[in-house]
Amino acid sequence: MTPSRSMSHRKRTANHPKIVVLGGGTGSFTLLQSLKKVTPHVTAIVNMIDDGGSTGVLRDEYGVLPPGDVRQCLVALSDEPEARGLFNYRFGAGAQTEALAGHSLGNLILAGLQLRYGFAEAVRVASRMLQVQGVVLPVTLGDHHLVLIDGTQKVTGQSNIGNYQIQGPTPRILLEPKAKANPEAVAAIQQADLVVIAPGLFFGSILPVLAPTGIGRALQTTTAKKVMVTNLMTKPGHTDGWHVADFVRTLERHIGPGTIDCVLYNNVDPPDELIERYAAEGERPVAHDAARFAGLTVQAIGDDLVAGSVVHHQDPHDTAIRRTLIRHDSERTVQLLLHIFRHD
């Protein structure tokens with residue numbers, strides 16, 4: 001646990017804290033959309049190991065770094081509706097557009113900018129195009145691939161790991177070749193008032209953003225309050241039967257015990273009809289019974305975090321992603337995060 005900041009500093013930053021969000025994908029997207037409404041000082045630190053769909057094709061054909069998760073975070077923090085729609089536009093199949101089928105226009109723009117300017121500058125240029133309110137930082141600027149070590153098994157690639165059935169009790173995530181954290185990402189964590197580890201694919205998005213050398217150390221030494229927002233549902237083959245405490249312990253196994261201060265979790269199950277639909281695919285609400293919190297050194301805060309409206313939209317051209325029906329209530333989650341920040 002890190003020492004609390006001085007009372008005078010807390011008073012100065014209480015209204016507009018510097019908030020860093022670690023993650024990538026849909027979990028970060030919804031959280032960032034709500035955070036930008038409460039403070040202008042939001043930094044999204046994004047994992048860089050996506051190798052599926054449009055991103056995977058661009059990586060293979062042009063050798064660019066993966067733009068997909070960065071694009072989502074840029075769009076989430078954008079205040080320019082027309083540009084947001086442009087970056088999110090995805091091409092469908094057509095006789096004259098087969099090469100573009102499935103590609104997000106935003107991914108193509110970021111890839112083109114990267115080929116001309118390099119990835120870090122490409123993100124800055126895209127941020128200006130989108131009038132981003134905040135900062136988006138790739139967690140590393142090298143070309144790396146995600147690796148899962150499960151006992152004697154080694155699985156390489158985010159897509160392959162997503163389809164893999166974990167067998168052992170203590171799987172580990174790492175990057176190959178070994179990655180060094182983007183210095184700007186490290187500095188953002190060290191200067192933050194609140195660091196949030198977003199919900200998302202735990203072995204595919206969350207642990208990977210913590211894997212580069214320097215991120216764990218930055219989290220251990222920052223004076224920011226550090227909060228993990230736990231997933232609502234388990235993922236078949238990865239987190240079957242998991243309790244909130246299992247997420248915390250696995251996180252600590254990767255970045256060190258006592259690194260986070262608080263875990264925020266949902267303690268009200270979604271409607272039965274939605275649970276039944278998820279159960280058909282092997283997904284269940286993350287368990288939160290009180291007895292299994294024993295032994296944790298972090299503060300655990302439970303609340304009703306499920307969004308009241310169900311998300312049905314699925315872009316028909318976005319065949320690589322299945323949109324979830326059950327989502328975090330991002331507004332409520334942000335309210336609780338601010339409460340945690342302002343009150344020890």
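A short reminder: the numbers here are calculations on the coordinates, not readings from a lab. Computed from a predicted model, the values in this text were never measured in an experiment. Don't worry about glycine lacking a Cβ; one is built from the backbone with ideal geometry, like all the others, and counts go over all protein chains shown.
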Legend entry - Helical contribution to [θ] at 222 nm, DSSP H n ≥ 4, -39,500 (n - 2.57), averaged over the chain, rounded to 500: -10500 deg cm²/dmol
Inset, instruction - Would you please put 38-48, 139-149 in order of how densely packed they are, using the mean number of other Cβ atoms within 10 angstrom per residue and starting with the highest? - result: 38-48, 139-149
Legend entry - Farthest positive-ward along the chain dipole, Cα basis, beta-carbon charges - from Val155, Ile275, Ala290: Ala290
Legend entry - Residue of Ser28, Ser205, Ser127 that the Gaussian network model of the chain assigns the largest fluctuation, springs spanning Cα pairs under 10 Å: Ser127
Legend entry - Lys225, Lys235 arranged by Cβ crowding within 10 Å, fewest neighbours leading: Lys235, Lys225
Inset, instruction - Give the relative contact order (percent, whole number) for the chain; include only Cα pairs under 8 Å separated by 6+ residues. - result: 18 percent
Legend entry - Added length on full extension, which subtracts the Cα-Cα distance from 0.36 nm per residue, Arg116 to Thr221: 34.2 nm
Inset, instruction - Taking the Cβ of Leu305 as the centre, find all other residues whose Cβ is under 14 Å away and add up their charges (Lys, Arg: +1; Asp, Glu: -1). - result: -3
Inset, instruction - Between beta-carbons, use under 14 Å as the cut-off and find the net charge around Gly258, counting Lys and Arg +1, Asp and Glu -1. - result: +3
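Which value results when the Cα radius of gyration for the chain is divided by 2.2 N^0.38 Å?
So the Cα radius of gyration is 0.95 times the expected 2.2 N^0.38 Å.
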Inset, instruction - Take the alpha carbon atoms of segment 212-270, find their center, do the same for segment 120-187, and report the distance between the two centers in whole angstrom. - result: 17 Å
Inset, instruction - Could you calculate the FRET efficiency of Arg342 with Thr213 from 1/(1 + (r/R0)^6), where r is the beta carbon distance between them and R0 is 30 Å, rounded to 0.05? - result: 0.40
Inset, instruction - Starting from the Cα of Lys225, draw a straight line to each of the lysines and keep only those under 27 Å, dropping any in the same chain fewer than 8 residues away. - result: Lys11, Lys18, Lys36, Lys37, Lys180
